[in-house]
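The values are calculated or read from the model by the stated rules, or taken from the named source; none is laboratory data. Everything numeric here is computed off the predicted structure, so don't read it as measured data. Note that each Cβ is placed from the backbone with ideal geometry, even for glycine, and that neighbours are counted across all protein chains shown. The area values use the complete protein model at the heavy-atom level, side chains included, leaving out ligands, DNA and RNA. Shrake-Rupley method; radii C 1.70, N 1.55, O 1.52, S 1.80 Å.
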Amino acid sequence: VGNILRSAEAAKVKQCILGGTMTPSPPNKQLLKTAMGAAEYVQYKTVRSTLEAIKELKENNVKVIGVETTSKSVSLWTSDFFPVEKEGVAFVFGNEIIGVDTTCLEECDEIIILPSHGVKNSLNVSNCCSIVIWEALRQLEEKKRDP
């Protein structure tokens, strides 16, 4: 989570929602050490229920994208993160072992996957999050050029 906050700060992410009972949040000392000060500059909130957070985001017209390997997943390269009818985008990442809960995935507007060409079909969550964030930045820049 500390690395995720570092990436979020570097990309000027509006907010990180830290959900569930397994996700550490500040003032966790190891998280703060890994974040290297980024936690001071990234707005975050801790919620007990990721599912409720997803529902609230959708009520606020935010596109919610789960990031998980499933039979319904599409490549992040083919997903439109910012359709004009939505107010923004939120990504749902799971933990390293069990991933995103299936009830949360069912609530998501879309599920994306990072294309993988190796034996392993996933990266650790902080690396995955960084790739998704920078793809979002790329898509935003592209939309600015081609309105």
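Count, please, the residues in segment 1-30 that happen to be hydrophobic (A, V, I, L, M, F, W, C) and over 15 Å from residue 93 (Cβ atoms).
Total meeting the criteria: 1.
In segment 26-46, which residues are on the phi < 0 side of the Ramachandran plot, open to solvent by 30 Å² or more (accessible area, probe 1.4 Å) and out of contact with any Asp or Glu (no Cβ under 8 Å at 6 or more places or on another chain)?
27, 28, 29, 30, 32, 33, 34, 40, 43, 44, 45, 46
List pairs: first in segment 130-146 and modelled with pLDDT under 95, second assigned to a helix (DSSP H, G or I) and surrounded by 12 or more Cβ atoms within 10 Å (Cβ to Cβ), Cβ under 7 Å, 6+ apart or cross-chain?
Listed by first residue and then by second, the contacts come to nothing, as the list is empty.
Residue check: is residue 63 crowded, with 20+ Cβ neighbours inside 10 Å and basic (Lys, Arg)?
yes
Take segment 45-98 and flag every residue that is within 12 Å of residue 20 (Cα to Cα) and in a strand (DSSP E or B).
Those that are within 12 Å of residue 20 (Cα to Cα) and in a strand (DSSP E or B): 45, 46, 47, 92, 95.
For residue 69, are the conditions met, namely being open to solvent by 50 Å² or more (accessible area, probe 1.4 Å), touching a strand residue (DSSP E or B) at 6+ places or on another chain (Cβ under 6 Å) and polar (S, T, N, Q)? Step through it out loud before you land on a result.
On the way: open to solvent by 50 Å² or more (accessible area, probe 1.4 Å): yes; touching a strand residue (DSSP E or B) at 6+ places or on another chain (Cβ under 6 Å): yes; polar (S, T, N, Q): yes.
Here the answer is yes, as residue 69 does meet what is asked.
Go through segment 99-136 and report how many residues are exposed (fewer than 14 other Cβ atoms within 10 Å of the Cβ), within 19 Å of residue 80 (Cα to Cα) and within 15 Å of the chain's Cα centre (by Cα).
Total satisfying the criteria: 1.
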